[in-house]
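Since the structure comes first, as structure tokens, the remarks are kept for the end.
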Amino acid sequence: MEIQNGTLSRIYMLEEIYRKDYRSAVADRILDKLIELERETAQHDLAEYKTLLQSFETHHQMSSDDFLRRFHDGELGDDADFFEWSAACDMYRSVCER
């Protein structure tokens, strides 16, 4: 959590500097590259989780949406595979939000 707080503090400092009309082509390029790198990482992660979800869906012959509804309603039991599928759904959603 300390790293995250430190990162957020630095982002807020940069925001304040920019609000005071600071301009830097170098900083802008670095920020653009950083954002693009994060986007590429998220897209890679998204593709991996999508593949994983598709394998669960094929194996269990149901969509992830149906699975989640049935799993949360207690219809499917507590097989370890279902908990893994549920976690993969959570991670997929998390990456989508990112």
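The values are calculated or read from the model by the stated rules, or taken from the named source; none is laboratory data. All figures in this text were calculated on a predicted structure; none of them were measured in a lab. Virtual Cβ from ideal backbone geometry, glycine too; neighbours counted across all protein chains shown. The accessibility values were calculated without ligands, DNA or RNA, using every heavy atom of the protein model including side chains. Shrake-Rupley method; radii C 1.70, N 1.55, O 1.52, S 1.80 Å.
Just the accessible area per residue of the chain, please: how many Å² with a 1.4 Å probe?
Solvent-accessible surface per residue comes out at 79 Å².
Using a simple spin-label model with pseudo-atoms 7 Å out from Cα toward Cβ, Leu8 and Leu37 lie 2.2 nm apart.
Across the options Leu76, Met62, His44, the greatest Cα extent toward the positive end of the charge dipole of region 35-98 (unit charges at beta carbon of Lys, Arg, Asp, Glu) belongs to His44. The listed residues Val26, Val95 rank as Val26, Val95 when sorted by accessible area, largest first, using a 1.4 Å probe.
Ligands, DNA and RNA left out, the 1.4 Å accessible surface of the chain is 54% carbon and sulfur atoms.
In degrees between 0 and 90, to the nearest 10, how far off the longest principal axis of the chain does helix 25-60 point, with axes built from Cα atoms? The helix 25-60 is inclined about 0 degrees to the chain. Modelled label positions at Glu84 and Asp21, each set 7 Å beyond Cα in the direction of Cβ, lie 6.0 nm from each other.
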